[in-house]
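Here is the structure we will look at.
The values are calculated or read from the model by the stated rules, or taken from the named source; none is laboratory data. Because the structure is a prediction, the values reported are computed rather than measured. Don't worry about glycine lacking a Cβ; one is built from the backbone with ideal geometry, like all the others, and counts go over all protein chains shown. Note: areas computed on protein heavy atoms with side chains; ligands, DNA, RNA excluded. Shrake-Rupley method; radii C 1.70, N 1.55, O 1.52, S 1.80 Å.
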Amino acid sequence: MLFNRVRTIQKKSGNFDLLLCVGNFFGSIPNAEWEEYKTGIKKAPIQTYVLGANNQETVKYFQDADGCELAENITYLGRKGVFTGSSGLQIVYLSGTESLSEPVPGYSFSPKDVSFLRTMLCSTSQFKGVDILLTSPWPKYVGNFGNSSGEVDTKKCGSALVSSLATVLKPRYHFAALEKTYYERLPYRNHIVLQENAQHATRFIALANVGNPEKKKYLYAFSITPLKLMDAAELVKQPPDVTENPYRKSGKEVSIGKQIPSPEEESACQFFFDINEKQGRKRSSTGRDSKSSSHSKQPRKPPQPPGPCWFCLASPEVEKHLVVNIGTHCYLALAKGGLSDDHVLILPIGHYQSVVELSAEVVEEVEKYKATLRQFFKSRGKRCVLFERNYKSHHLQLQVIPVPLSRCATDDIKDAFITQAQEQQIELLEIPEHSDIKQVAQPGAAYFYVELDTGEKLFHRIKKNFPLQFGREVLASEAILNIPDKSDWRQCQISKEEEETLARRFRKDFEPFDFTLDD
């Protein structure tokens, strides 16, 4: 069936150079039919390269571990290695399924096999990546930061060793199979934005089994120019839908031979407290929802503040009358001396200095608050601008400032930030929409960060000095809110009674959007 389909495609589209097969090549072929290929009665219509066995039943077909010709036009590549075509196209292959036990079965690969490929290919400083990586198992976590992988849970399925190999080899194309479904992931980048030189993107394609009744895609036809023949500028052009690397954690490459921790598996410390008003769902003393208080993992505690902190919610220094909503890991509070009556802050309950240092659970709730606030302000005819200044601050404060839609467009806000940055010789760079701030800045680094309602992001790495009121100054300028006298928060303070009135009003208005309330 496979070769009949290939013949049909070649009649329509012209001849192809190679057919590369991943997964179980001998999955359903009858012995009698294979004998016809071995004896030359039948012949593959194209030079075909296949990976080795994935189970004990098919080991018998692959007698030579170093690769061999199985039949005319059908070649077994071998257990592991590199195939370089006459054009210079570099194809790295790894046969079998992952095994962490010794001795390794004949249908599996080990951490040593992966280390061998890494050492062989990445030992020179000139190494930029490979053209194609062929594996049968999917790489574990390939779905992180990308489009849906359908019914395949990439946090549980796939090989962590393959993930680590893909991380270091940086293939332009990575093909895999075994999950019996087609999945073309959005391309992902192989560099950390603003920290590393731009590199080419990787495209991961998983293919379904041949002749599947659901008619899922099992063939992928494409044309590729070898990496070594490409112009450097053309090679590193980023696709418009490029995403973050699914295998990186905090911008660092994972280690060969180790299970890669999922970015979503970290826990954060939670707290229980009472500010004498109904604030979302009831929590157990661990801070978790009372319906799901059992949990086997011990939460990882955030660092403790070196002294009194005005924003740690358990701290007596917090002005709790400004708190307007409390989640499991974060809370909302009105800004003291805000640019408007509904200028709010998203703050972690525990002590974290910046977004970069947040655990995955806290990041998830921050994103939920951001999305909810966008909906809330949109219902009131406003768009919101969010910024963070991680400089001369001890506790993360995400400033969320609403701007009436009638005042200006998002592009005007973006231009205002860029213009004022240029006037003050601040290098404010736009970073890709899909970028995670953790990929741009390392923990401890000083930075200023803006996020617009469209998802566009502006970033400045602070190297020496930075104007503390820069974000407020831009938003208060004539170009946006036209309240330049409010650029300094200390000039905008009101009485505690007025603050309490604004907080009560915000809580009431926000209640229909409050995701922390019990069903």
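Some observations on this one:
- The chain, accessible area per residue, ligands and nucleic acids excluded (1.4 Å, Å²): 49 Å²
- With every protein chain in place, the chain: carbon and sulfur % of accessible area (1.4 Å): 48 percent
- Taking the centroid of alpha carbons for each part, segment 389-409 and segment 118-176 are 38 Å apart.
- Note on N465 and E319: their simple-model spin labels are 2.8 nm apart, each label 7 Å out from Cα toward Cβ.
- Rounded if a/c under 1.5, otherwise prolate or oblate - segment 1-117, Cα gyration tensor axes: oblate
- Gyration tensor (alpha-carbon) shape descriptor, segment 326-458, a/c threshold 1.5: oblate
- Most to least accessible of R505, R7, R172 (protein chains only, probe 1.4 Å): R505, R7, R172
- Considering only segment 11-144, percent of DSSP beta bridges that pair antiparallel, nearest 5: 40 percent
- Förster radius 51 Å - calculated FRET efficiency between V59 and Q424 (Cβ-Cβ, nearest 0.05): 0.15
- Beta bridges per DSSP with both ends in segment 1-236, % antiparallel, nearest 5: 40 percent
- Largest-first ordering by accessible area, 1.4 Å probe, given options K11, K43: K11, K43
- Bridges between two residues of the chain, per DSSP, are antiparallel at a rate of about 70%.
- With each label modelled as a point 7 angstrom along the Cα→C-beta vector, the K215-R490 pair spans 7.1 nm.
- Simple spin-label estimate for R505 and F127 in nanometres, 7 Å along Cα-Cβ: 6.2 nm
- Potential lengthening between M230 and Q10 on full extension [0.36 nm per residue; Cα-Cα distance subtracted]: 76.5 nm
- Only helical runs count toward this figure. For the chain, summing -39,500 (n - 2.57) over DSSP H runs of n ≥ 4 and dividing by all residues gives -6000 deg cm²/dmol at 222 nm.
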